[in-house]
Amino acid sequence: MAIPLRMCAINREMKPKNELIRLVKIDNKIVIDFKQKLQGRGVWICKEEACISKLKKSKCLNRAFKCEIKDEVYQMIQEYIDGQQSN
Ligand SMILES: [Zn+2]
């Protein structure tokens, strides 16, 4: 079965959703949607250093979620990516 495609918010590339990380805002908190099934507006980003490193500067999350994004959110994403790569 084909994996559905989603668009990365940074480089606008369409990729299978398992190659992307999904972020959602829940109770005013940005969280990683590990199972990619949470309700609400999601933002998809490639699990790639190239896109992750541009995430903060692009302010794309600020726009998508209409709020200020704390440094700890970027840190959480980076840690998640680092963890995935070492597996
Ligand atoms: Zn990307």
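We did not get these values from a lab; they are worked out from the coordinates using the rules stated. Only a predicted model underlies this, so the values are computations on that prediction, with no experimental measurement involved. All Cβ positions, glycine included, derive from the backbone under ideal geometry; neighbour counts span all protein chains shown.
Here region 54-79 and region 5-37 have alpha carbon centers that stand 12 Å from each other.
Computed on region 5-86, with alpha-carbon pairs under 8 angstrom and 6+ residues apart, the relative contact order is 26 percent. The chymotrypsin sites (Phe, Trp or Tyr not before Pro) found in region 8-73 that occupy coil by DSSP, while having at most 12 further C-beta atoms within 10 Å, are 34. Modelled label positions at residue 85 and residue 70, each set 7 Å beyond Cα in the direction of Cβ, lie 2.5 nm from each other.
Ignoring everything except DSSP H segments at least 4 long, calculate the 222 nm mean residue ellipticity for the chain; use -39,500 (n - 2.57) per segment, divide by total residues, nearest 500. The partial results should precede the final answer.
Values: 3 runs with 32 residues, N = 87.
Using -39500 (n - 2.57) per qualifying helix, the result is -11000 deg cm²/dmol.
Phi angles of region 80-85 translate, via the Karplus equation with coefficients 6.51, -1.76, 1.60 and θ = phi - 60°, into HN-Hα couplings of 5, 5, 4, x, 5, 6 Hz per residue; Gly and Pro are given as x.
Give the cross-link partners of residue 66 among the aspartates and glutamates, using a straight C-alpha distance below 16 Å as the criterion and excluding same-chain residues fewer than 8 apart. Counting by Cα, and skipping residues close in sequence, residue 66 has these aspartates and glutamates nearby: 27. Modelled spin-label separation between residue 38 and residue 12, with each label point placed 7 Å from Cα along the Cα-to-Cβ direction: 2.7 nm.
For region 1-53, the set of trypsin sites (Lys or Arg not before Pro) satisfying both a DSSP loop assignment and a count of at most 11 other C-beta atoms within 10 Å is given as 12, 35, 37, 41. Determine, from the Cβ-Cβ distance of residue 50 and residue 2 and an R0 of 30 Å, the FRET efficiency 1/(1 + (r/R0)^6), rounded to the nearest 0.05. Calculated value: 0.75.
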